[in-house]
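Note sheet for the following structure.
The values are calculated or read from the model by the stated rules, or taken from the named source; none is laboratory data. Owing to the predicted nature of the structure, the values given are computational and were not obtained by experimental measurement. FYI the Cβ positions are ideal-geometry reconstructions off the backbone, even for glycines, and counts take in every protein chain you see. Heavy atoms of the whole protein, side chains included, go into the accessibility calculation; ligands, DNA and RNA do not. Shrake-Rupley method; radii C 1.70, N 1.55, O 1.52, S 1.80 Å.
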Amino acid sequence: MLYLLKLGPVPLSQGSTQVYLRISDLGEPSQPVFEHDDASGLRVLLREVEDLGTVRCEPRLAEAGAALGLEVGEPPAAALSSRAAIATFLAWGQRGLSGLGSDKALLFVQAATEYWEARPWARWDDSQPFAVTVSGPLAHTFEGCVFHGEDGRAGLALYFQAGALQRLMEMQARGEPEAAQELPAIAVTLDTSPVYAVEALAAARRVPRLPMPLKTGKEGVGIPSSVESLVLVAALRAVARLTPDQPEVLSSVVAGDARMEVLVRAPTPRLRN
């Protein structure tokens, strides 16, 4: 069975567009179609389909689908997951992160979902340093922290230098947010926008936020390397498994032909009421 789904509206530099997807019940997508209305989008998706009896459209495309003789059907989990991954990669591209590749988008979505469901910020606050020791192609001990703001954004930051959290708090106390961004670090922020990506992730029962990997330092905000991105994925998964009874977790990740291990040691939980 093939399912026709919609993604959008997707903001552009001028105006917006809709993205239409044809995805199999196994989660295999066709090339995305960019159109401004449902009827046009569905017609393009159906050009290579010989048997309309094998096609279902999601409920929000019911009106346009009925005009074309299509039945409505709830997309299976695999199709919704595929749309969520495409939405993530599309949002990355709009923010200059497409160079990380669609495979990284899948990894970040899964790891961020585990992290979101674990809610580590309910046990630790952003002033408590975690020891994150990486061995393999990238060998380093980071000073990590979890965070969750009043604006709904959450995430995990790994600082390259010991004592970075203390310096960060001092900079914030002095009202120097720009200076704080110069601290060398890699991080994942779970953003509340763009709406189309957040909605697609939530519909697939994934993290209802857009995972955004980033790197900070003297050069400004940039993109983590492929290896650094995998470290972030492993760290997210490790932190998600931490508990007061299990304050140390080892997570592994493959980087090319090499294997990295990420060991996370948590501070004493600071429970919140």
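Only residues that are without any contact (Cβ under 8 Å) to a residue 40 or more places away in the chain and assigned to a loop (DSSP other than H, G, I, E, B): list them for the stretch 253-267, please. Spell out the reasoning first.
To start, the set of residues in the stretch 253-267 that are without any contact (Cβ under 8 Å) to a residue 40 or more places away in the chain comprises 253-254, 257.
Result: ASP257, single match.
Do we find a residue being crowded, with 20+ Cβ neighbours inside 10 Å and among the hydrophobic types (A, V, I, L, M, F, W, C) anywhere in the stretch 173-182? Full working, then the answer.
The first filter runs over the stretch 173-182 and keeps only residues crowded, with 20+ Cβ neighbours inside 10 Å, leaving none.
No: zero hits.
Among the residues of the stretch 152-173, is there at least one that is of a type in the set (Phe, Trp, Tyr), at pLDDT 95 or above and part of a strand (DSSP E or B)?
From the stretch 152-173, those of a type in the set (Phe, Trp, Tyr) are 159-160; that's our starting set.
Filter again for at pLDDT 95 or above, leaving 159-160.
Checking the rest, the ones that are also part of a strand (DSSP E or B) come to 159.
Within the stretch 152-173 (the criterion being of a type in the set (Phe, Trp, Tyr), at pLDDT 95 or above and part of a strand (DSSP E or B)), the answer is yes, since at least one residue qualifies.
Would you point out the residue of the stretch 118-130, among those that are in contact with a Lys or Arg (Cβ under 8 Å, 6 or more places away or on another chain) and not in a helix (DSSP H, G or I), that is surrounded by the most Cβ atoms within 10 Å (Cβ to Cβ)?
Narrowing the stretch 118-130 to residues in contact with a Lys or Arg (Cβ under 8 Å, 6 or more places away or on another chain): 118, 122-125, 128, 130.
If we keep only those that are not in a helix (DSSP H, G or I) as well, we get 123-125, 128, 130.
On the way: ARG123: 19, TRP124: 22, ASP125: 15, GLN128: 16, PHE130: 24.
Taking the candidates together, the pick is PHE130.
If you go through the stretch 37-44 one residue at a time, do you hit one that is buried (at least 20 other Cβ atoms within 10 Å of the Cβ) and of a type outside the set (D, E, K, R)? It would help to see each step written out before you state the result.
We begin by selecting, within the stretch 37-44, every residue buried (at least 20 other Cβ atoms within 10 Å of the Cβ); these are 38, 41-42.
Next cut, of a type outside the set (D, E, K, R) only: 41-42.
Yes, the stretch 37-44 contains at least one residue that is buried (at least 20 other Cβ atoms within 10 Å of the Cβ) and of a type outside the set (D, E, K, R).
Could you list, in sequence order, the residues of the stretch 190-209 that are open to solvent by less than 10 Å² (accessible area, probe 1.4 Å) and within 15 Å of LEU97 (Cα to Cα)?
Result: LEU190, ALA197.
The rows are residues; the columns are (1) over 18 Å from the mean Cα position of the chain (by Cα); (2) within 15 Å of PRO267 (Cβ to Cβ).
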| position | (1), (2) |
| --- | --- |
| ASP126 | yes, yes |
| VAL146 | no, yes |
| GLU150 | yes, no |
| PHE160 | yes, no |
| ARG167 | yes, no |
| GLY175 | yes, no |
| ASP191 | no, no |
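Only one of these conditions is not met by LEU250: (1) touching a residue at least 12 places away in the same chain (Cβ under 8 Å); (2) part of a loop (DSSP other than H, G, I, E, B); (3) open to solvent by 60 Å² or more (accessible area, probe 1.4 Å). Which number is it?
Single failed check for LEU250: (2).
Considering the stretch 195-223 alone, what residues qualify as being in a loop (DSSP other than H, G, I, E, B) and either of a type in the set (Ser, Thr, Tyr) or modelled with pLDDT of 95 or more (or both)? Let's see the steps before the verdict.
Residues of the stretch 195-223 in a loop (DSSP other than H, G, I, E, B): 204-209, 217-221, 223.
Correct list: ALA204, ARG205, ARG206, VAL207, PRO208, ARG209.
Taking ARG237 as the residue in question, decide whether it is among the charged types (D, E, K, R) and in a strand (DSSP E or B).
Details: among the charged types (D, E, K, R): yes; in a strand (DSSP E or B): no.
Spelling it out, it is not the case that ARG237 is among the charged types (D, E, K, R) and in a strand (DSSP E or B).
Of all residues in the stretch 64-106, how many are modelled with pLDDT of 90 or more and part of a helix (DSSP H, G or I)?
Result for the stretch 64-106: 22.
Could you list, in sequence order, all residues of the stretch 83-117 that are open to solvent by 50 Å² or more (accessible area, probe 1.4 Å) and in contact with a Phe, Trp or Tyr (Cβ under 6 Å, 6 or more places away or on another chain)?
SER98, SER102 - these are the residues of the stretch 83-117 that are open to solvent by 50 Å² or more (accessible area, probe 1.4 Å) and in contact with a Phe, Trp or Tyr (Cβ under 6 Å, 6 or more places away or on another chain).
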